[in-house]
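Written below as structure tokens is the structure these notes are about.
The values are calculated or read from the model by the stated rules, or taken from the named source; none is laboratory data. A quick note: this is a predicted structure, and the numbers were derived from the prediction, not measured. Every residue, glycine as well, gets a Cβ built from its backbone with ideal geometry; the counts of neighbours run over all protein chains shown.
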């Protein structure tokens, strides 16, 4: 047994083989991470839209009793849908809160910001109810805080 034959019997990976494996893992992460983050943002935006749909159902139930949204406030909203986090007319910020931006006469405007950072608004004028998304970057509350501004945004 010589020194060379003993070395050939040793098992293991060479440095080149390990570097190739690390390179392949790096490439897979580079491809997979943006796909994962994009799916996560879409899911967070879909959750915000779903919350506004549920909130609008609560508002319409309130509207059906008096044919008016006047008086639809946080207390009335919590009575209709206690599982939703309601706040008054203010920027809901980075929370899951649904802000009642406007509620008077035949008009109601509900606003929610998704965790991904996009503002969503739902408006109803007594006859037509729509949900819109602010696609600008960055999305800001000032773009969705009135019924005309909300109605000018793309529908979802």
_the range 77-112, residues that are in a strand (DSSP E or B) and farther than 16 Å from residue 64 by Cβ_ = 86, 87, 98, 99, 100, 101, 102, 104, 109, 110, 111, 112
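Looking at residue 116, is it in contact with a helix residue (DSSP H, G or I) (Cβ under 7 Å, 6 or more places away or on another chain), part of a loop (DSSP other than H, G, I, E, B) and surrounded by fewer than 19 Cβ atoms within 10 Å (Cβ to Cβ)? Step through it out loud before you land on a result.
Numbers: in contact with a helix residue (DSSP H, G or I) (Cβ under 7 Å, 6 or more places away or on another chain): yes; part of a loop (DSSP other than H, G, I, E, B): yes; surrounded by fewer than 19 Cβ atoms within 10 Å (Cβ to Cβ): yes.
Against the criterion (in contact with a helix residue (DSSP H, G or I) (Cβ under 7 Å, 6 or more places away or on another chain), part of a loop (DSSP other than H, G, I, E, B) and surrounded by fewer than 19 Cβ atoms within 10 Å (Cβ to Cβ)), residue 116 qualifies.
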*Quickly run through the range 128-156 and pick out the residues that are under 20 Å from residue 60 (Cα atoms) and free of Cβ contacts under 8 Å to residues at least 12 places away in the same chain.*
128, 148
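Please specify each residue of the range 59-80 satisfying the condition of being without any contact (Cβ under 8 Å) to a residue 40 or more places away in the chain and touching a strand residue (DSSP E or B) at 6+ places or on another chain (Cβ under 9 Å). Steps first, please.
Step one: of the range 59-80, the residues without any contact (Cβ under 8 Å) to a residue 40 or more places away in the chain are 61-62, 64-66, 68, 70-80.
Within the range 59-80, 62, 68, 70, 71, 72, 73, 74, 75, 76, 77, 78 qualify.
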*Please state which one of 105, 93 is on the phi > 0 side of the Ramachandran plot and in contact with a strand residue (DSSP E or B) (Cβ under 8 Å, 6 or more places away or on another chain).*
93
*If you go through the range 122-141 one residue at a time, do you hit one that is surrounded by 13 or more Cβ atoms within 10 Å (Cβ to Cβ), modelled with pLDDT of 90 or more and farther than 18 Å from residue 48 by Cα?*
no
